[in-house]
Amino acid sequence: MAFNFSDIVTNNDLLERFQNLFEKELIDEICNAGELRKIAEYTELISIGETITHMPLIISGSLKVMTEDKNGEELLLYYLELGDTCAMTLKCCSSLSKSVISAMTEEPTEILFIPVKYMDLWMVKYQSWRSFVLESYNSRMNEMLEAIDNLAFHNMEERLSKYLRNRAKLMQNGKLKITHLQIAHDLNSSRVVISRLMKKLEEEGVIKQYRNRVDLLEFLF
DNA sequence: ACATTAAGTGATT
DNA sequence: AATCACTTAATGT
């Protein structure tokens, strides 16, 4: 699907967002170079080992970024959302290497794909692009530091409730469409453990659960 | 009615 | 907190 600037303007407040972020010429270049695609939920966009050809810019929805540990277990790195781009991809662009991450959607998502060849070009040409990339690295770094802190210093129950809150924020919805098994995967735990903790949270009145769904009762927008 | 998948539970490590 | 073995419940065909 060819990228059309007016599409974005009508579908999103992206123009406004971009105007604050990038100079006009860069916005024009982004529009020319990028391809806007609507991705269905649960679509794998890239897997480990593939060559990176495009860089994603999230317009709406979200993108789950994972890597693999030595045993081939999936490891959740972070979620990308509105206006985010993938730091791991940026890293790979300059070295033309293969992807060390996999990424998939968990909800319908719009992404603007930009060929990687523009990355170096824009880095030199636009100061706003440099800031954007740097800022992107920064926030991803902070997110991962927080994740490490979580792993190292907090028990499963805390990790679980944080996970639920983060997801609700990400989805802009306190009603989460998710199973205990999926949660267990993301937290590198087992389904049984999650089920027990979830029951505890329910008894504490924090959540209400149904099949394939959990509502955060205290969730505020 | 039956199969499949999600969630609950007690016991053990 | 993880795993096992089993039960119960919800949902699709």
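Tally time: how many residues in region A:20-53 are within 22 Å of residue A:106 (Cα to Cα), part of a loop (DSSP other than H, G, I, E, B) and among the acidic types (Asp, Glu)?
2
Based on this model, can you work out whether residue A:35 counts as touching a Phe, Trp or Tyr at 6+ places or on another chain (Cβ under 6 Å) and either in the same structural domain as residue A:79 (by TED's automatic domain parsing) or farther than 14 Å from residue A:115 by Cα (or both)?
Judged against the criteria, residue A:35 is a match.
Residues that are more than 16 Å from DNA strand C (Cβ to nearest atom) and charged (D, E, K, R): does region A:198-208 have at least one?
no
Considering only region A:141-176, state which residues are of a type in the set (D, E, K, R), touching a residue at least 24 places away in the same chain (Cβ under 8 Å) and under 26 Å from residue A:210 (Cβ atoms).
A:157, A:159, A:165, A:175
Under the condition of being of a type in the set (A, V, I, L, M, F, W, C) and over 13 Å from residue A:216 (Cα atoms), which residue from region A:171-187 is surrounded by the fewest Cβ atoms within 10 Å (Cβ to Cβ)?
Among them, the one singled out is A:181.
Under 8 Å between Cβ atoms, which residue pairs at least 6 apart in sequence (or on different chains) link something in region A:180-198 that is on the phi < 0 side of the Ramachandran plot and of a type outside the set (Phe, Trp, Tyr) with a partner that is assigned to a loop (DSSP other than H, G, I, E, B) and more than 7 Å from DNA strand C (Cβ to nearest atom)?
Sorted first by the residue in region A:180-198, then by its partner, the pairs are A:194/A:187.
What do you reckon, is residue A:128 small (Gly, Ala, Ser), touching a Leu at 6+ places or on another chain (Cβ under 7 Å) and outside the structural domain of residue A:19 (by TED's automatic domain parsing)?
So residue A:128 fails the test.
Scan region A:164-219 for residues that are of a type in the set (S, T, N, Q) and either within 20 Å of residue A:75 (Cα to Cα) or part of a helix (DSSP H, G or I) (or both) and jot them down.
Matches in region A:164-219: A:166, A:179, A:182, A:188, A:189, A:190, A:195.
Inside region A:165-197, can you point out the residues that are within 16 Å of DNA strand C (Cβ to nearest atom), of a type in the set (Lys, Arg) and touching a strand residue (DSSP E or B) at 6+ places or on another chain (Cβ under 9 Å)?
A:175, A:177
Is it true that some residue in region A:10-20 is modelled with pLDDT under 90 and among the aliphatic types (A, V, I, L, M)?
Checked against the condition, which is being modelled with pLDDT under 90 and among the aliphatic types (A, V, I, L, M), region A:10-20 yields at least one hit.
For residues in region A:185-207 being basic (Lys, Arg) and within 7 Å of DNA strand B (Cβ to nearest atom), which is nearest to residue A:148 (Cα to Cα)?
The extreme case among them is A:191.
Scan region A:137-155 for residues that are surrounded by 15 or more Cβ atoms within 10 Å (Cβ to Cβ) and aliphatic (A, V, I, L, M) and report the count.
The number of residues fulfilling the criteria is 1.
Only one of (1) near DNA strand B (Cβ under 10 Å from one of its atoms); (2) touching a residue at least 12 places away in the same chain (Cβ under 8 Å); (3) surrounded by 15 or more Cβ atoms within 10 Å (Cβ to Cβ) is not met by residue A:128, so which one is it?
(1)
The values are calculated or read from the model by the stated rules, or taken from the named source; none is laboratory data. In this text, all values refer to a predicted model and were calculated from it rather than measured experimentally. Because the Cβ atoms are built from the backbone with ideal geometry, glycine has one as well, and the counts that use them run over all protein chains shown.
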